[in-house]
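The values are calculated or read from the model by the stated rules, or taken from the named source; none is laboratory data. Quick caveat: nothing in here was measured; it's all calculated off a predicted structure. Neighbour counts run over all protein chains shown; Cβ positions are idealised from the backbone, glycine included. What goes into the accessible areas is simple: the full protein's heavy atoms, side chains included, and nothing from ligands, DNA or RNA. Shrake-Rupley method; radii C 1.70, N 1.55, O 1.52, S 1.80 Å.
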Amino acid sequence: MSKNQAHQKQVEGSQKVKAPISLDALDTWQALVQHAYQLVSPQIDAFAGRLSHALFVKSEEASDAKEAALYFHGAQLLKNSTYTYFYLCSGILEKTLKSEAAAIRNPEQKTPVGLADEGMTLVSYEEMDLKLSISRASRTLELDHAESLAALNMRLASLLGIETLNLTQNPFRPEVFLRVLNTGWCEFNPEKNAHDYVLPLISELIFNLGPVYQALNELLVVRGILPDLQESYRMKRKQASAEAARVGEVVKNEVTKKLEQYFSEQSGIPANAVGSSAGAAGAGAGASSSQAAGGFHFPGPATNFQPANSELFQYLAGVQKNMAIHQLVSGAQQAVRLSNMRQEMPSMFHTGVEKHTFDLMSHVFDGVLSNREIADPIKELISALQVPVLKAALIDKDFFFQDAHPARRLIDLLSKYSVELDPEKGQDDPLFREMQRNVMRVQKEFDQQLDLFDEVVTDLENFIKKEEAATIESLQAPINRALQREKFKQASISATNDISMRIGTGEVVAFVETFLENRWTKVLTLAYSVQDQKPHAVEDAIKTMDDLIWSIKPKITLAQRQDMINRLPGILARLNKWLSLIKWEDADRVQFFADLAECHASIVRAPLELSPERQMEIAVEAAKIATERRLEKRAKAEADAKLKAQADEAEKMALVAQALENAKIEAEQKTREETQAKVNAALAAADGTNETVAGVDAASPTASSADAEQVNASSQTVRVTPEISEESIVAKLERAIEDATAAVANLERGEWVQFRKLDDSLQKVRLAWISPMRSLFIFTSSQKEKSFSVAVDELERNFRDGRATVVSVDHVVDKALLEALSKPKSMSEPDPVSA
């Protein structure tokens, strides 16, 4: 039997496949339907086997003879005619998925049924009961796959251009697949009494829908539909954001509560009075300085306190005016701190408000200036702001309670962007000069106008935005290259998916399947890569592929064959055009078209009329061949997945072995250090004892020898080989992998990351750009002209191995406040800090 004769035998019994709708807007929907069909239909065989076995078990367990006979007959029928049940279900599946997708895409074409047109009496009790039964059976599946279904609903809603999509509108909801399998069984088994008892078994034995929903979500992702909603990334990001917001709110509430308690204790007033006043001030955040100054009140004698008229305020104004300029360039460790000034002016504090505000600000600046992540030049600038910010806090206590207070924002802004300073340029760095200019303006001009801080912060933020825009512009070339690579990768994924959806059923003849995998994948990749410039390229490439597959399907009637002959020249012309674009010009191309011509000729020469028996024989044989090919492809896919899993496991075991070795070395080193410490302690104790004994009886040689023996025994006792738990190492490694994945998933543009190089030197770089699919990250150093890109897997590996960490210098005032308020001792007497 020739190759084309075997192919003709395979496909003669198959039904004609309609060409897809050639509209670009429907490409994604068609892909979704075909992908779902390709994923589900191969699992019907295994499901039929499980159902047949379950029916045999039920027949043995049934106490009623008639019921047992129904179970046994159904099991026997399904066992002997699995192919028939498969084709019934696969046909219903394809029809149902297309119908559901069409209904959701074109709701206006669905004619509503009103009570005036069709009464409720048209819906039989049996139909209502079946619908309720399927709904109840699908509920468990909906709960099992709630996360994936929620993501799929959001992506389908985005694809449709609507705000939300209910689960009942989802064309791929579990109810659809249950209904398909149940309908297939009802058509397969003519015994009506056997229809009711199978539905509960279907819901228990149905294949796992998780991979189906995952694959549908991935298909939408590669086509650009909400790519940031990948299940693991979206849920982790959402949970991380919610947790961060919750923790941030808790910290903020804790700071507020401790501030209220602190001021109430130091001022001798109820905490709720301070809290209510602070709350009122918070409601007025963003008001003018005069309003802000009255936003926080201390009841009692301090209510009439006017900070601008106080002796302390006047003294601070003089300090600010007379502060030497060299403080800006003399070094942060030589700059005068508030905690030092506090000891020189004890007579200046005439109210508790002044004293407690001064003390609290001293601790805040000590905390900020001791932050190791802040560059020293920026510490110098922050140090120069101590007196102006203290005056602002005396005028407006909202400084402690409001994150958006302009003076507080200025300190946070200087700290956050201190990492961006170029150490090679030093004070010639444009960012540093801009920061220095604004700080000197505050130092020279600020008296009581809080609006000055707003102006300075706005100027600095605008400068930073311009710098960031310039950085992105300078990185445009590597960004474009990265986008092109990612675009090509995405195009390759889409092309592979389109091909696999069409050859996955096993019904495409072997030489065409090879052609599609080896050649047409490149054609589709090219079409997807130029989709932005040529929107109809993908549509034409897919239509050409589908027309090719249609042309090798059997043509039973004369009209079908005539249609094929009329369309064949156009199909071949489009094939040749695309193949020339990918430059496939060798002898294999000639051989492919020769095989294709022979296949088309065999279809035209096939007999026009076949007996029903012959048609059934051909259909069964074709189904058998298709199933065998499908099983071969499935086995190959499982083997590939197994090899990948083995490779991943081998890599993991290598990491575990390395971690075990490192842990063993560390434990042995720790044991040696502990042993040496104990030996040294024992020797010291022995020396003391010997000195005492020598004072009493210098002629007693037994003491020193006994001590020496005791030291040796002690050292032998503690010299124990450490035991390393492999389970704990594996658990630690798994946590490190999860933490690294989460850390990379939560990275945002503008964050700073510190890398440890191979020579153990440290490099801080800024995340300047993230690709749309988050597969590539571009970092830039403080020199800005130096940049490099890191793939997502390599970045995760760096975080996992501890060679990359996120550098955080945000909200330094918050952290300093919380640290100061958490000190157990009274803050009225701050620790003196050396100048």
Scanning the stretch 519-536 for residues that are modelled with pLDDT under 90 and assigned to a helix (DSSP H, G or I), the one most open to solvent (accessible area, probe 1.4 Å) turns out to be His536
So the check is Cβ under 9 Å with 6+ separation or different chains; which pairs have a first residue in the stretch 56-79 that's more than 17 Å from Pro190 (Cβ to Cβ) and touching a residue at least 40 places away in the same chain (Cβ under 8 Å) and a second one that's assigned to a helix (DSSP H, G or I) and open to solvent by 100 Å² or more (accessible area, probe 1.4 Å)? Lys58/Phe72
Could you pull out the residue among Arg485, Arg481 that is out of contact with any helix residue (DSSP H, G or I) (no Cβ under 9 Å at 6 or more places or on another chain) and free of Cβ contacts under 8 Å to residues at least 24 places away in the same chain? Arg481
How many of the residues in the stretch 774-786 are in contact (Cβ under 8 Å) with a residue 12 or more places away in the chain and either open to solvent by 50 Å² or more (accessible area, probe 1.4 Å) or basic (Lys, Arg) (or both)? 3
One residue from Thr514, Thr521, Thr525 being without any contact (Cβ under 8 Å) to a residue 24 or more places away in the chain and out of contact with any strand residue (DSSP E or B) (no Cβ under 7 Å at 6 or more places or on another chain): Thr514
Kindly provide the set of residues from the stretch 569-626 that are in a loop (DSSP other than H, G, I, E, B), modelled with pLDDT of 85 or more and open to solvent by less than 80 Å² (accessible area, probe 1.4 Å), ordered by number. Ile582, Trp584, Asp586
Answer from Arg139, Arg179, Arg155 - the residue that is among the basic types (Lys, Arg), at pLDDT 85 or above and open to solvent by 20 Å² or more (accessible area, probe 1.4 Å): Arg179
When the stretch 741-773 is checked residue by residue, the ones that are charged (D, E, K, R) and surrounded by 13 or more Cβ atoms within 10 Å (Cβ to Cβ) are Arg749, Glu751, Arg756, Lys764, Arg766
The stretch 537-565: number of residues that are at pLDDT below 90 and among the hydroxyl-bearing types (Ser, Thr, Tyr): 1
Matching residues in the stretch 415-433 (in a helix (DSSP H, G or I) and buried (at least 17 other Cβ atoms within 10 Å of the Cβ)) number 8
Looking at the stretch 32-54, I want the residues that are open to solvent by less than 20 Å² (accessible area, probe 1.4 Å) and have a partner that is basic (Lys, Arg) with Cβ atoms under 6 Å, at least 6 apart or on another chain. Which pairs are those? Val33/Lys98; Pro42/Arg630; Ser52/Lys79
Does Ala667 satisfy the condition of being in a helix (DSSP H, G or I), modelled with pLDDT under 80 and over 15 Å from Ile737 (Cβ atoms)? yes
Filter result (open to solvent by less than 50 Å² (accessible area, probe 1.4 Å) and part of a helix (DSSP H, G or I)) within the stretch 442-469: Val442, Gln443, Leu452, Phe453, Val456, Val457, Leu460, Phe463, Ile464, Glu468
Within the stretch 372-414, residues assigned to a helix (DSSP H, G or I) and basic (Lys, Arg) come out as Lys379, Lys391, Arg408, Arg409
Among residues of the stretch 713-740 being open to solvent by 90 Å² or more (accessible area, probe 1.4 Å) and among the polar types (S, T, N, Q), the residue modelled with the lowest pLDDT is Thr717
Report, by residue number, each residue of the stretch 484-519 that is touching a Ser or Thr at 6+ places or on another chain (Cβ under 7 Å) and closer than 24 Å to Asp532 by Cβ. Glu486, Lys487, Phe488, Ala491, Ser492, Ala495, Thr496, Ile499
What number of residues within the stretch 66-110 satisfy the criterion of being under 17 Å from Tyr37 (Cβ atoms) and either more than 34 Å from the chain's Cα centre (by Cα) or not basic (Lys, Arg) (or both)? 19
Please work out which one of (1) in contact with a helix residue (DSSP H, G or I) (Cβ under 8 Å, 6 or more places away or on another chain); (2) open to solvent by 60 Å² or more (accessible area, probe 1.4 Å); (3) polar (S, T, N, Q) is the condition Thr671 fails and give its number. (2)
Across the stretch 787-802, what is the number of residues that are open to solvent by less than 70 Å² (accessible area, probe 1.4 Å) and either assigned to a helix (DSSP H, G or I) or touching a Gly at 6+ places or on another chain (Cβ under 8 Å) (or both)? 6
Of (1) surrounded by fewer than 19 Cβ atoms within 10 Å (Cβ to Cβ); (2) of a type in the set (Gly, Ala, Ser); (3) more than 17 Å from His35 (Cβ to Cβ), Ala541 satisfies all except one. Which? (1)
What pairs come up if the first residue lies in the stretch 87-113 and is at negative phi, the second is of a type in the set (Lys, Arg) and modelled with pLDDT under 90, and their beta carbons are under 9 Å apart, counting only those six or more places apart or on different chains? Ala102/Lys110; Ala103/Lys110
Candidate set: the stretch 65-85, residues that are under 14 Å from Tyr197 (Cα atoms) and not aromatic (Phe, Trp, Tyr); chosen: the one surrounded by the most Cβ atoms within 10 Å (Cβ to Cβ): Gly74
Pairs under 7 Å by beta carbon, first residue more than 15 Å from Ala375 (Cβ to Cβ) in the stretch 392-418, partner modelled with pLDDT of 80 or more and of a type in the set (Lys, Arg), six or more apart or different chains? Phe399/Arg408
Every residue in the stretch 201-215 that is in a loop (DSSP other than H, G, I, E, B), in contact (Cβ under 8 Å) with a residue 12 or more places away in the chain and either within 11 Å of Leu39 (Cβ to Cβ) or basic (Lys, Arg) (or both), please. Phe207, Leu209
Working only within the stretch 471-488, note down all residues that are open to solvent by 70 Å² or more (accessible area, probe 1.4 Å) and farther than 23 Å from Phe515 by Cβ. Glu473, Ser474, Gln476, Asn480, Arg481, Gln484, Arg485
